[in-house]
Structure formats: structure tokens, C-alpha cells
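Chemist: Quick one: this structure, given as C-alpha cells, is what I'll be asking you about.
What follows is calculated from the coordinates using simple rules that are stated; it is not laboratory data. None of the values given here were measured: they were computed from a predicted structure. Here the Cβ is made from the backbone with ideal geometry for all residues, glycine too, and neighbour counts use every protein chain on show.
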């Protein structure tokens, strides 16, 4: 296990200098870089790091000071009041900066981060990399499991970032400026999707060393799909909103303001017998996302 004060060769090469220690009221960006997180960790209680991998993975090794909150537990308690209870159990108050990470290209972390923000915890960020990448850089890890004193957190639902099937259906009929974005891989999209949806596969929003590309690259990618800055955008994926959660944050990072998540996604849409669209004559060229 490495000391928190260790500065590794890999980390030094990646950054010209250590990030400046943030102020106490530091507002996290959408994506938190590793050096900023390390600076926050050094201040002990100034950040809550949330590991959403399986509990056994957390127990083997994790980022220092991290608490364990597997995605499965979030989905089992996926009601606003229960999510606030989870926040309180982790010692997260309304003002606590929270950084979430996983080992699944950011998709699980994105779903949990979005859930925290939906119930009113705005100061939540995604770690820029996966745990595997963190380790490959030689950054600090530990095995000690952490618990914190219970905190108090208010419930303040952000209705503007959530939609259900009824909203999707109504918007498709009455709001020409509303765009649906299907985050699944191209073949799944071509097989069947919500009518009118455009495809931005989750595989396109990340880079080799970060869960999300930089803002300018994402902006070009999204605008090339004919999506305007002032559009209302609804993201969905196959089942529980993980892949579409990552795309949700890609859109936000690219500067799109009116972005919403349909967390129950295509699985619920099909179960409800809603209309579907498919390309019966799809060619090999159609499988690319251009």
C-alpha cells in the first residue's frame, strides 16, 4: 500500500505539477482529475470518495478513504427517500463534495452520480479514470474499510433531469425540439429502438485514458449528430440507465444544458408495449456510428 504523500513517476509525467489544494467550499467539476482528488483526500474529511464496484472488490483494495456503495444497492433502493438515507449513512451532508468511481469505464459511477444529483446532492463528480487506471498510474490504494458518522441530508428532487416513459412518449409527439439519444451499441440500436431516437454509442464518448473525452471533442461529436445546443435531450440505454448515464454526463460536459435521463430505459419501454422502430434492411455500413 502506498502513502498518500507519495508522488509517483507516472503521475508526475502525467501532470506538470500537483493540483492546487482546493478551498473548503470547492465546487467539483463534472469530471474530477486524479490530482485534485488526491489533494482533497489529504484534507481527510473534505471529500467523500464513493466506490461503486462490488463489495468484494472494494474489500480487496480501493482508493484511500473511499466508502463502499455497490451499484446493486443503489438500484435496490432506487427511491429518492431511500437514496437520501444512503447518503446519510455514508456521512454525506448537503455540502460534502463527492467523487464517484468504478472499474467499468465510468458507466456505473455515472448512474450513481446522477442518482445523487437527482435527490439534490449537486456537488458530485465522476473520477476521470477507472480504478484499474488509477492503479496503473501507481497511485495510492489501501485495504482499510471506512465508515463515517451519520450526517443529515435534505431531499431536494431535481425533476428537470429525470423523465419516465409517459414523458418520453408525450415529448415525442408534442415537442419537435426534444431529441432522444440511444446510448447502446450500434447493432442493438439498429435492431430496435424508441422511434425517432438518434444513436450515440457509449463506446464513443470515452478515450483511452479517461472515461470521457475532453469537452471540445464531445461537442464536435454530438453536433455532428445534428443535435443543437438548445435542444431538450433525453438519454436512454438498455435497462437501468448506466450507459445512458455516461452519455448524460458527456452531454453535460460538452455544454448542453437541458439534458435528462430516462433511467428505466428501453427495458421498461418494451415491457409497457410502447412503439418501437427498427432498420429491417440495415447494411454493414449502418453498423458504424460515423
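Chemist: Given a Förster radius of 35 Å and the C-beta distance between residue 73 and residue 177 as r, what FRET efficiency does 1/(1 + (r/R0)^6) yield to the nearest 0.05?
Modeler: 0.40
Chemist: Could you quote the convex hull projected area for the chain, Cα atoms only and averaged over all directions, in nm²?
Modeler: 15.7 nm²
Chemist: Just the number, please: percent antiparallel of the DSSP beta bridges in the chain, rounded to the nearest 5.
Modeler: Bridges in the chain that DSSP calls antiparallel: roughly 10 percent.
Chemist: For segment 159-287, what does the relative contact order come out to in percent, with C-alpha contacts under 8 Å and a separation of six or more?
Modeler: In percent, rounded to a whole number, it is 33.
Chemist: So, one more: Nearest 0.05, what FRET efficiency do residue 258 and residue 142 give at R0 = 30 Å with Cβ-Cβ as r?
Modeler: 0.15
Chemist: Another one. If we sort 51-61, 124-134 on the protection proxy, mean other Cβ atoms within 10 Å, highest first, what's the order?
Modeler: Per-residue Cβ counts within 10 Å, averaged per peptide and sorted highest first, yield 124-134, 51-61.
Chemist: Hey, what did segment 107-165 get for relative contact order, percent, Cα under 8 Å, at least 6 apart?
Modeler: 47 percent
Chemist: If you don't mind, another one. Does segment 9-136 classify as rounded, prolate or oblate by the C-alpha gyration tensor (a ≥ b ≥ c root eigenvalues; a/c under 1.5 gives rounded; else a/b over b/c gives prolate, otherwise oblate)?
Modeler: oblate
Chemist: To the nearest 10 degrees, how steep is helix 243-253 against the longest Cα principal axis of the chain, on a 0 to 90 scale?
Modeler: 80 degrees
Chemist: If packing is taken as the average count of other Cβ atoms within 10 Å, what order do 136-142, 83-89 fall into, highest mean first?
Modeler: Highest to lowest by the protection proxy: 83-89, 136-142.
Chemist: Below 8 Å between Cα atoms, with a sequence gap of 6+, how large is the relative contact order for the chain in percent?
Modeler: Reported as a whole number, the value is 18 percent.
Chemist: Now for a separate question. Among rounded, prolate and oblate, which fits segment 191-242 when a ≥ b ≥ c are the square roots of the eigenvalues of its C-alpha gyration tensor, a/c under 1.5 means rounded, and a/b larger than b/c means prolate?
Modeler: Cα axes put segment 191-242 in the oblate bin.
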